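The structure appears right after this line, and notes come after that.
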Amino acid sequence: MSTRAAEFHANQWQGVFYLTGGGISLLAELLETPGASQSVLDAQVPYAIGALTDLLGQEPEQACSSTTARQLAMAAYERAQALGNRELFGLGCTASLATGRIKKGQHRAHWAVQTASDTFTFSATYDSDRSGEEYALSNHIWQSLQQYMGNHPDQKVDPGVTQMHASATPSLQKLLNPEPFSHCFGHPVCSLLFPGSFNPIHEGHKEMLRVAQALTGLEGAFELAIKNADKPSLDYLTLKERQADLHGASLWLTNTPTFDGKAQLFPGATFIVGVDTLERIGQLRFYQNNADQFDRALACFEQQDTLFLVFGRQQDSKFKTLEDLQLPHTLRQRCTGVPQDKYQNNISSTQIRQQQRRQNRSSDH
């Protein structure tokens, strides 16, 4: 019987574990020790990329990364919310350890712990055989749990492990609850809002906000929804990073991923959207082909006096504008298109992330 596992089972925490590529011996140690049902609510080992995709709602851009570990931890935490009734946590781990085949780049692992108030992430590199690396990783995860969630706060994580941490105020913690909630950093203006994921924020986003403010005469703010209907919520470290990237611009954080939900949080607001986003808002298939849900959303925009300022976008060889869209009349009359000569910027967050990944891969080799 494992003493450290028995101690962990006896504390106040209940959690879910999602581990892939490594850390499995930690899970075995937990489950083989009596009392596991007191602290382990669920556990999965999504080795196949399809299984990982199912957990995260989309295929990860990089399977073994700090970002994927955080996403797994948040997915695990949200699963724990549905199953547990004590202090809850989610633990996610993704690793690329030694195997029978030659691997490119370093052998490494990333793991994260998500609670109601904190996000912890850890990263380490290894240089041994499979059993040695698995043993080291399992011990490192145990050190993390004992230091931050166990009965050994004096336990230190190996100095070779890189750590990051972000905590949330009680107000921010409400974003992880199901009830609609918003929190503003900066000047709390809400008449002109630019919703987006801003991953990362780039000059095109900033130019869109400047153009929108000039056209409407309104002061604007960015809006970032931490929840997504199909993906795990954003963790506190990610929120901290995205806020820092905005360099002091006003930012609303919300937990409402749909535009009818945003309309109810911000009555009378004008939302800055691209034609691709507006096209989704106006298509039945983005409401699970549920006509009643679609009609309720359109009615909500009217009831809340919601308006849309629509920016064109280059798609294939054509610059697509509001005039190119087929929309329900009730939605179309709430939209104003931005002239092409006022804005035409083809910067893409996706392209920026792809370039960053290529640079990171080059530095690994």
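The values are calculated or read from the model by the stated rules, or taken from the named source; none is laboratory data. Values in this document were obtained by computation on a predicted structure and should not be read as measured data. A quick note on method: Cβ atoms are made from the backbone with ideal geometry, for glycine too, and the neighbour counts reach across all protein chains shown.
General observations
- Residue match in the range 179-195 (condition: surrounded by 15 or more Cβ atoms within 10 Å (Cβ to Cβ), within 27 Å of Phe120 (Cβ to Cβ), among the hydroxyl-bearing types (Ser, Thr, Tyr) and not assigned by TED's automatic domain parsing to the domain that holds Ala75): yes
- Residues that are polar (S, T, N, Q) and in contact (Cβ under 8 Å) with a residue 60 or more places away in the chain within the range 233-251 comprise Ser233, Thr238, Ser250, listed in sequence order.
- Answer from Ser250, Ser233 - the residue that is over 14 Å from Gly186 (Cβ atoms) and surrounded by fewer than 22 Cβ atoms within 10 Å (Cβ to Cβ): Ser233
- In the set (1) assigned by TED's automatic domain parsing to the domain that holds Gly248; (2) surrounded by 15 or more Cβ atoms within 10 Å (Cβ to Cβ); (3) not hydroxyl-bearing (Ser, Thr, Tyr), the condition left unmet by Val157 is number (1).
- Subset of the range 295-321 that is of a type in the set (Gly, Ala, Ser) and not in a helix (DSSP H, G or I) - its residue that is modelled with the lowest pLDDT: Ser317
- As a summary of the residue check, Ala28 satisfies the conditions (1) under 20 Å from Ser131 (Cα atoms); (2) in contact (Cβ under 8 Å) with a residue 24 or more places away in the chain except for the one numbered (2).
- Considering (1) part of a helix (DSSP H, G or I); (2) surrounded by fewer than 16 Cβ atoms within 10 Å (Cβ to Cβ), the lone condition that Leu145 does not fulfil carries the number (2).
- Any hit, the range 266-279, residues being modelled with pLDDT under 95, exposed (fewer than 13 other Cβ atoms within 10 Å of the Cβ) and either over 27 Å from the mean Cα position of the chain (by Cα) or at positive phi (or both): no
- Flag set for Thr68, criterion: among the polar types (S, T, N, Q), buried (at least 21 other Cβ atoms within 10 Å of the Cβ) and touching a residue at least 12 places away in the same chain (Cβ under 8 Å).
- Inside the range 129-141, residues that are modelled with pLDDT of 85 or more and either surrounded by fewer than 18 Cβ atoms within 10 Å (Cβ to Cβ) or closer than 16 Å to Ala63 by Cα (or both) make up a count of 5.
- Filter result for the condition that a residue is buried (at least 18 other Cβ atoms within 10 Å of the Cβ), among the β-branched types (Val, Ile, Thr) and free of Cβ contacts under 8 Å to residues at least 40 places away in the same chain, over Thr33, Thr99: Thr33
- From the list Glu207, Glu219, Glu203, the lone residue that is at pLDDT below 95, exposed (fewer than 14 other Cβ atoms within 10 Å of the Cβ) and over 27 Å from Leu72 (Cα atoms) is Glu203.
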